[in-house]
Amino acid sequence: MANISTRFFGLDLKSPVIAASSSMTGHAEQVLRLAEAGAGAIVLKSIFEEEIFHELQEELSQRSGLNSDPEYLDYFDYVIKDANIRKYLKLISDVKSSTTVPIVASINCISSSDWVLFARKIEEAGADALELNMYVDPANVSNSSENIEQTYFETINRVLAVMKIPVSIKISHYFSNLAGMVQKLSETGISGITIFNRFYSPDIDVENQSVGIAEILSTPHDYILPLRWTGILSGLTSCGLAATTGIHTGQTALKFILAGASAVQVASVLYHEGPSAITKMNQEISDWMDQKGFQTLNDFKGSLSQTESSVQAWERVQFMKYFGEKTF
Ligand SMILES: Cc1cc2nc3c(=O)[nH]c(=O)nc-3n(C[C@H](O)[C@H](O)[C@H](O)COP(=O)(O)O)c2cc1C
């Protein structure tokens, strides 16, 4: 059987298939099932800043009269955060005591600086690495692109300054110069970048003329955008690159490794098929490698990336050519 081990998050992983952060990775029993199924690493459900502040707001709204008391606000702020942290730290220590599969904590960070303290506690609880799920919403016209980009660098620098375990980031594709930004991010000292995180998106109900939530889970066709950018970025980054979104099969995972990814992160397929989806993907990767005569992932990793193959294959000119030659 082929050796499918890889390196990502600054860690040695037995498989390139990582269980991505989701509600499935928020419970110890489920995390252990994913570990048994052969996940290379498991990224725990994120601690969300919004979650913490939402709880704070709810409690305050039930205690009218106290809202304006700044001392109470400070005290309560501390208590709420401590409760959330304790729950999260227990999850880390519970799963760490039951599996040798690397456990990666995750923090969803946007603007607040308090989570830097969370990060230290997470390290103390025994997490093998930390993933920052970073997203500064580019929908605010008064927040300049320079300012948005700066937030990423400041955040990373602050976290790296206090952490000993490896720190990786998961980002979206919403940058004006995506390649330039990812390259600069990769030079900050982080151990890995995962492209691209997936969000709750709005959808419109035409019948009721209302705005609701779009389908939360990805489909097996949603991998095209991260695949293109994996092919373009993998040769430009100073740290490992992983991909997420729409990766549901071993075949698709192989496409990403050929494009230069060190690993893939999966969530939706776990909701569709359960943890055994990871076992199946590992087997598909290994079978294909045996069939092609590859012994390790490094034998073919990045062989079809933009730097190794034709530059044009990854560029928009192909798209123009396609439509230019066809009549619809
Ligand atoms: C129900 C659900 C919850 C998720 N929660 C988180 C989260 O807490 N933190 C995070 O970084 N990503 C979260 N994600 C995003 C996944 O980690 C993953 O990157 C994304 O879903 C794309 O992979 P997929 O196409 O395999 O689902 C969530 C995804 C789903 C479907």
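Selection among Leu178, Val167, Thr194 by position relative to the dipole of region 161-258 gives Val167 as farthest towards the positive end (Cβ unit charges, Cα centre). Within region 98-257, the proportion of C-alpha pairs whose separation exceeds 22 Å stands at 49%.
Every number here is computed from the coordinates shown, using simple stated rules; none is lab data. Given the structure is predicted, the values throughout are model-derived calculations rather than measurements. All Cβ positions, glycine included, derive from the backbone under ideal geometry; neighbour counts span all protein chains shown.
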